[in-house]
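Have a look at the structure below before the remarks.
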Amino acid sequence: MSISRKDVEHIAKLARIELSERELATFEKDLSDVLNFVGKLNEVDTASAAPLTGGTDLINSMRKDAPDARFILENADPAEVAELVKAAPVRKDGYIKVRSVF
Amino acid sequence: MELRDLTIRTIAEGMRKKTFSAEEVVSAYCATIRRKDAGLHCYLEVFEEYALNEARRLDGSVDAFSDLPPLWGAPIAIKDNMLLEGMHASSASKVLEPYVASYDATAVSRLKKAGAIIIGRTNMDEFAMGSSTENSVCGPTKNPHDPARVPGGSSGGSAAAVAADLAVAALGSDTGGSIRQPASFCGVVGLKPTYGAVSRFGLMAMASSLDQIGPLAKNVDDARLLFDAIKGGDEYDATAVADAPRPDVAGERLRIGLPREYFGAGLDDDIKAVVMGAVKKLELLGHSVKEISLPMSEYALATYYIIMPAEVSANLARYDGIRYGHSAQNAETLFDVYAKSRAEGFGAETKRRVMLGTYILSHGYYDAYYLKAQKVRRRIQDDFRRAFEGVDCIVGPTSPTPAFAFGERTADPLKMYLADIYTVAVNLAGLPALSQNAGFVERGDSRLPVGIQTIAPWFGEERIFSIAGQLERELI
């Protein structure tokens, strides 16, 4: 299975990564190589195999279905909130600033 | 105080007997790091001031304890993908260059509670993607046994730091072999715990169904002390289990299986000889050895290279240039903020895997790749389940070769991926496995360590420590 330059451009758009001309050419080859390699799995009979969807089959550990006081907005420590917002590259008035969506 | 002779246990004993203080131990490690790490590059940052302050705090409270916690005063390094509150953490990526952790990873806070001192953050392949540390944005770590060779990866900085006495022990993370393979290349002990044995909270997610944090240490006893300190359930990680059924440390005589698929083509002859020499010693101790088959082994790497990038592409979507980390300066639109920030922030291998994962999960290909791989993953797990009906543990080489030279595999991603051929199946099946040194091989003028891997049934870490400890006593 090999993929085309157009496929690579489409995937880059979905993945939100701007690629250079050189990267587009490299990935066209690299991704095709890996897809050829993993094509080996078609040899395996999986008709009766249930997909293993996670790292474990153990039952999820559930916590009580009740609000945790620490995570209620009114209880938040303003200094802690300010510290988290400070991690954002662009800020205004204590909020994270982003470009308009449309 | 000779750092070469120190272990977690002897440090804690020294503190108990007041032979030396935590401050003296931390100072000695910091001095050695200053002297040796410019050449090796194990650390991305040494928390010298923080570690010395912690040491003084511990020294001041020694008398408050009737029995000191097990890791008391031990200077321990953490891989750069785990969080220590208030400290920079970057996963060796440009995208997280400006990031400061706002909380402690559960494994890190448990180390601290047990008296350990976090001495610095170690180099790694970017976002734990690689087998050599050559994918670090900060440049590679060198192997202490031969500086022209890689330390393995992705936890290469942690393994090399322990091997070079720049930390008494370290934490790493293992998604497809990232603790065991560098442990093998650097001649130290590395444990990948059972999936769910250690909380992943505060570990930067790579492939969530495969990632586990584990110890790198100088001996099996120290690896066990670290594992006991960090294991257990955690309300912040729903996959971390507190009380899973644990298999017994089966009687004195264990049945050891040698998978024929782990000793076939591709394995260096002298590596095989060293591993078989260690197996012989286990036999002489009274354990029985038999050949077994894990017929799905040849499909493990291909399965891994579907499941892992799929999860990577989802997990790394969070690095968007909006909430934290690197953000492109010249972006006009919101789409450009994402696309340019990620283009500038991610290295080549990270981009390759995000692209691959995005393709695999995209419309029309999900069933052919991802669902198929999940089914094969089930069959790989069944393989091990069947094998463990006839044996108590499985033993083989950790890596088909010793440490390779810089640049030897960077041109061909598939060739680099083969470094994980004996380790990935363990992650896919969620099993625990430990690599320890079994001996050395010659390459040119260098004497390079060879790792032997012991795999046990789910939550069988105690069985691994038992047999690995016995082997260690025979080999020293």
DSSP bridge orientation in segment B:26-165 - percent antiparallel, rounded to nearest 5: 50 percent
Full-stretch length increase - B:Tyr236, B:Arg323 - with 0.36 nm per residue and alpha-carbon distance subtracted: 29.2 nm
Phi to ³J(HN,Hα) by Karplus 6.51 cos²θ - 1.76 cosθ + 1.60 over segment A:85-102, Hz, x for Gly, Pro: 5, 4, 6, 6, x, 10, 9, 8, 6, x, 10, 7, 9, 10, 5, 5, 6, 10
Volume of the Cα convex hull of segment B:195-302, divided per residue and given in Å³: 170 Å³
Built amide H within the under 5 Å cut-off of B:Thr122, gap 5+: B:Leu44, B:Ile78, B:Lys79, B:Asp80
Listed peptides B:100-108, A:63-71, B:163-171 by packing density, highest first (mean Cβ within 10 Å): B:163-171, B:100-108, A:63-71
Förster radius 51 Å - calculated FRET efficiency between B:Asp445 and A:Arg5 (Cβ-Cβ, nearest 0.05): 0.65
Kirkwood estimate for the protein assembly as shown, i.e. one over the average of 1/r between Cα atoms, Å: 24.3 Å
Fraction of beta bridges assigned by DSSP in the protein assembly as shown that are antiparallel (%, nearest 5): 70 percent
Under 5 Å, built H, 5+ apart or other chain: amide partners of B:Ile117: B:Gly73, B:Ala74, B:Ile76
Whole-number Å³ per residue for the convex hull built on Cα positions in chain B: 145 Å³
Kirkwood hydrodynamic radius over Cα pairs of segment B:23-83, then Stokes diffusion coefficient at 25 °C and 0.890 mPa s, in µm²/s: 189 µm²/s
Estimated FRET transfer efficiency when R0 is 22 angstrom, pair B:Lys17-B:Ile476 (beta carbons, to 0.05): 0.35
Surface/4 of the Cα convex hull for segment B:109-259, nm²: 10.2 nm²
Inter-label distance for B:Asp5 and B:Glu252, nm, one decimal - labels placed 7 Å from Cα along Cα-to-Cβ: 3.4 nm
Rounded Å value of the spacing that divides the Cα centres of segment B:6-37 and segment B:61-132: 17 Å
A:Arg70 versus B:Asp67: modelled label distance in nm, points set 7 Å from Cα along the beta carbon direction: 2.8 nm
Those residues of segment B:111-139 whose amide nitrogen sits under 11 Å from the label point placed on B:Glu24, 7 Å along Cα→Cβ: none
Quarter of the Cα convex hull surface for chain A, i.e. its orientation-mean projected area (nm²): 13.4 nm²
Computed magnitude of the charge dipole of segment B:157-235 (debye, nearest 20; Cβ of K, R +1, Cβ of D, E -1): 180 debye
Order of B:His41, B:His88 under a 10 Å beta carbon neighbour criterion, fewest first: B:His88, B:His41
Separation in nanometres of the label points that stand 7 Å from Cα toward Cβ, at A:Glu21 and A:Val98: 3.4 nm
Per-residue [θ]222 nm for chain B (sum of -39500 (n - 2.57) over DSSP H runs n ≥ 4, rounded to 500): -11500 deg cm²/dmol
Nearest-0.05 FRET efficiency for B:Leu285 and B:Asp412, computed from C-beta distance (R0 41 Å): 0.50
Spin-label zone in segment B:210-248 - amide nitrogen under 19 Å from a point set 7 Å from the Cα of B:Arg57 along the C-beta vector: B:230
Order of B:Cys393, B:Cys138, B:Cys42 under a 10 Å beta carbon neighbour criterion, fewest first: B:Cys138, B:Cys393, B:Cys42
Residue order, fewest to most surrounding Cβ atoms within 10 angstrom, among B:Met416, B:Met124, A:Met62: A:Met62, B:Met416, B:Met124
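Readers should treat all values here as calculations from the given coordinates under stated rules, not as data from a laboratory. Because the structure is predicted, anything quoted here is derived from the model rather than measured. We place every Cβ from the backbone using ideal geometry, glycine too, and count neighbours over all the protein chains shown.
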